[in-house]
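Below is one structure; the comments refer to it alone.
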Amino acid sequence: MKIAVIGSTMMDVVSYVDKVPEAGETRESQGFHIAGGGKGANQAVAAAKLGADVLFVTSVGDDLFGRACRKNYEACGIDTRYVMTAKDMPNGVASIFVEASGQNRIVITKGANNALTPQRLREAEAAIASCGLIVLQLEIPLETVYAAIEMGRAHGIPVLLNPAPAVCDLDIAMACQCDFFVPNETELSVLTGCPTGTEEEIRQAAGLLVEKGLKNVIVTMGGQGSLWLSADGVQKVAASRVKAVDSTGAGDSYIGCFAETWGRTGDIQQAMRRASRYAALSVTHPGTQDSYADREEFAKYLVQNNE
Ligand code: RIB
């Protein structure tokens, strides 16, 4: 089954620091790295590295970064027919600080991602209609996300929405048309206005979304695993214990792996289990897409760890 990822392209500009600077402070970094990022791209690359057939609908800049991102998608075997170049616009850029704990802080400049309008999306409709799953995030215009959800409904294609980065004005009636809604704790808190500091609070906040009509709410909780809530109840999948080096893009690796596994098996629990392991493996390496294992590396990791 082919997966359509409709979303952002960024170039990640990463500094590794022992501590992020205070206002007015200059600090020296311990390392620097530029590589492909963007939540949409990360999810598309993760799924493709795991062997999925991926169509990526995105808008890259008319510059060096945009050309490098396109080349990278081609190298990953992604269907790039709808990787569109936004004339005279710069590529999206994410400025990232990663602290010694592996925690990150990110500022994005959307650039060419703003050019992925509903009109541009419609150019890809016939290709999207041949896919079995649509995967969305929120780094492109919100009206394009809504148009993609409607396109999914019109063609009977299941839709997974990752509401990241967090926005408080997401149309919940639109989100209810999706089959999978996959926030992390922070996004869940922003969306519901509820605290999500403990697992109990996360269950309550996600429960509210299920009451509002969201079908499958899967909350990713980093090292605490992930929770699946639906009208049928709650299921928890634990995470593997690993030493985090860089957590950037871990949530995206979870979604890419979830999409690949669900697309192949239709089994939500199996998809959650594999996605948790895949995300855990990704945080043990620096970088975003660079930290994602391919199918063989991931299979080896699962065998070595008896998983
Ligand atoms: O989710 C991680 C991603 O968020 C980074 O790759 C960065 O590009 C930002 O979009």
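Remarks
- Once the 1.4 Å probe is applied to the protein heavy atoms, the chain comes out at 42 Å² accessible per residue.
- Summed side-chain charge close to E74 - residues other than E74 whose Cβ falls under 13 Å, Lys, Arg +1, Asp, Glu -1: +3
- Contact order relative to length of the stretch 114-174, as percent, for alpha carbon pairs under 8 angstrom and 6 or more apart: 38 percent
- A simple charge model with +1 on the Cβ of Lys and Arg, -1 on the Cβ of Asp and Glu and nothing else charged puts the dipole of the stretch 239-281 at about 220 debye relative to its Cα centre.
- Note on the chain: with neighbouring protein chains present and a 1.4 Å probe, carbon and sulfur make up 51 percent of its accessible heavy-atom surface.
- Expected 222 nm ellipticity per residue - DSSP helices of 4 or more, -39500 (n - 2.57), all of the chain, to 500: -11000 deg cm²/dmol
- Listed pairs K71/K110; K87/K215; K2/K215 exceeding 30 Å between Cα atoms: K87/K215
- Span-like helix ranges in the chain, DSSP H, alpha carbon extent 24 angstrom or more, Kyte mean at least 1.0: none
- Relative contact order of the chain, defined on C-alpha pairs under 8 angstrom at six or more residues apart (%): 18 percent
- Dipole magnitude of the chain about its Cα centre (Cβ charges: Lys, Arg +1; Asp, Glu -1), debye to nearest 20: 580 debye
- Candidate lysines for bridging to K212, where Cα separation is under 22 Å - those fewer than 8 sequence places away on the same chain excluded: K236
- Annotation for the stretch 226-307: trypsin sites (Lys or Arg not before Pro) lying in DSSP loop with at most 14 further Cβ atoms inside 10 Å of their Cβ are R241, K243.
- Size of charge dipole - the stretch 1-102 - debye, nearest 20, with Cβ of Lys, Arg +1 and Asp, Glu -1, no other charges: 460 debye
- Projecting the Cα atoms of V245, L191, A275 onto the charge dipole of the stretch 176-301, computed from C-beta unit charges around the Cα centre, puts A275 farthest toward the positive end.
- Relative intensity of the stretch 151-300 on a log10 scale, I(q)/I(0) at q = 0.10 Å⁻¹, equals -0.33, per a Debye sum over C-alpha point scatterers of equal strength in the absence of solvent.
- Lysines with Cα under 25 Å of K243, excluding same-chain neighbours fewer than 8 positions away: K19, K39, K49, K300
- Dmax and Rg, reported as Rg then Dmax, of the stretch 183-259 (C-alpha, Å): 12.4, 38
The values are calculated or read from the model by the stated rules, or taken from the named source; none is laboratory data. Every value quoted in this text rests on a predicted model; they were computed, and no experiment measured them. Here the Cβ is made from the backbone with ideal geometry for all residues, glycine too, and neighbour counts use every protein chain on show. Ligands, DNA and RNA are stripped out before the accessible areas are found, and what is left, the full protein with its side chains, is counted by its heavy atoms. Shrake-Rupley method; radii C 1.70, N 1.55, O 1.52, S 1.80 Å.
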